[in-house]
Amino acid sequence: MAGSSDTTSIDFTIGSRRLFAVERKLSTWSFSLKDVLAGDAAPLSPPEPGQDGLCVLSAPQSAIAAIHARFPEHLVGGYQDYQRHYIDMRPEACTSYEDYLARFSSKTRSTLRRKQRKLAKEAGDSFSITEHRMPDEVAAFFDAALPLSAKTYQARLLDAGLPDTPQARAKLLERAEEDRMRCYLLHADGSPIAYLSLPVVDDTLVYAHLGYDPDWSRLSPGTVLQMEALERLFAEQRYAYFDFTEGEGAHKAMFGTDSAACSSFVMLEPTLANRALLGARAGFDNVIAKSKNLAERSGGMAKIRSVLRT
């Protein structure tokens, strides 16, 4: 469980596109995967609230009532309910990468391997995957991956690309000094086309950043890189979990072996401005949900998703 105080954006989004955001000074109360797996037995050690309150990330749903009880005067809103996906890498769950793959259907295994072969064939001799652990290797990873990150929709639409500040780089290099970073690059045509950054927290790999060149999206470079990384990570026999962190996603759902019900939300000081903000956010989310249901019934959802990613 971690806490930090910073300016937090309360986003108004449609799919993967952030339309606008309202900033509030919030302390972040973040639950680790092990906190989540502990459920209502997770220790509740909230940080001191920021000027406007708290941003709660990935709280186990069984502990939400107790979390609210800690701050009864705060306004609660901006709920996101989801399954937090993870891979159970413990020996009693998955003895090897091959054992992990055996959990997929034969059709899915065949599809994944076909994606690997197809990308490798198209890239030819320029196809390679590099692993970055030591500080100089991690520094080289970020130098190569940052220009690619800027091209991804995560960076363009959600401000969720690789961190590009001296403070973030120093923290990651410190982790590398302690052998607590695993980073990967997939190369083709002489340039990286996909990246994966995984900090190590205790015995858990944290899915921090995955991105790929949109020009290569038809060949699923993110999926190919994920598979190669998992094969290498299972071979280390060091980790208990691969944590896909908060939020839903087809990639997370496909590669995860298990999931736990979680929620993220904000708890704001009861000011008039904050009441108006949460009311606007609730109304916006209600309109989007109704529009999504209508689009799904009319068969137009796929087209809308495509437009939102452009």
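The values are calculated or read from the model by the stated rules, or taken from the named source; none is laboratory data. Just so we're clear, the structure is a prediction, and the values are computed from it rather than from any experiment. Backbone-built Cβ (ideal geometry, glycine too); neighbour counts: all protein chains shown. All accessible areas refer to the heavy atoms of the entire protein, side chains included, with ligands and DNA or RNA removed. Shrake-Rupley method; radii C 1.70, N 1.55, O 1.52, S 1.80 Å.
Couple of notes before you dig in:
- Relative contact order, percent, the stretch 81-189 [alpha-carbon distance under 8 Å, six or more residues apart]: 34 percent
- Summed over the residues of the chain and divided among them, the accessible surface reaches 50 Å² per residue at a probe radius of 1.4 Å.
- Principal-axis tilt of helix 166-177 within the chain, Cα atoms, nearest 10 degrees: 50 degrees
- Cα gyration tensor shape of the chain, rounded if a/c is under 1.5, else prolate or oblate by comparing a/b with b/c: prolate
- For the stretch 153-267, the relative contact order is 18 percent, taking Cα pairs closer than 8 Å that sit 6 or more residues apart in sequence and dividing their mean separation by the residue count.
- Amide H partners (placed H, <5 Å) of Gly53, local residues excluded: Ser27, Glu269
- The mean sequence separation of alpha-carbon pairs under 8 Å and at least six residues apart, normalised by the residue count of the chain, gives a relative contact order of 27 percent.
- Near Ser58, the amide H atoms lying under 5 Å from its own belong to Ser263, Ser264, Phe265; only residues 5 or more places off or on other chains count, and H is placed 1.01 Å from N.
- Close amide H pairs (under 5 Å, H built 1.01 Å from N) link His209 with Ser197, residues at least 5 positions away or on another chain.
- Hz values of 3J(HN,Hα) by residue in the stretch 221-237 - Karplus curve (6.51, -1.76, 1.60), Gly and Pro given as x: x, x, 5, 4, 5, 4, 5, 5, 4, 5, 4, 5, 5, 4, 5, 5, 6
- Longest segment of the chain lacking GluC sites (Glu not before Pro) that sit in a DSSP loop with at most 13 other Cβ atoms within 10 Å: 179-310
- Note on Lys118/Arg90: beta-carbon distance plugged into 1/(1 + (r/R0)^6) with R0 of 45 Å gives a FRET efficiency of 0.85.
- Accessible area (Å², 1.4 Å probe, nearest 10) - Asp40: 120 Å²
- Three semi-axes of the equivalent ellipsoid, the stretch 14-90, Cα gyration tensor, whole Å, largest first: 23, 19, 11
- Estimated FRET transfer efficiency when R0 is 22 angstrom, pair Lys292-Ala253 (beta carbons, to 0.05): 0.75
- Modelled spin-label separation between Asp215 and Ala21, with each label point placed 7 Å from Cα along the Cα-to-Cβ direction: 2.8 nm.
- Anisotropy class of the stretch 129-270 from Cα gyration tensor, a/c 1.5 cut: rounded
- Here the chain has 51 percent of its accessible surface on carbon and sulfur atoms, given a 1.4 Å probe and all protein chains in place.
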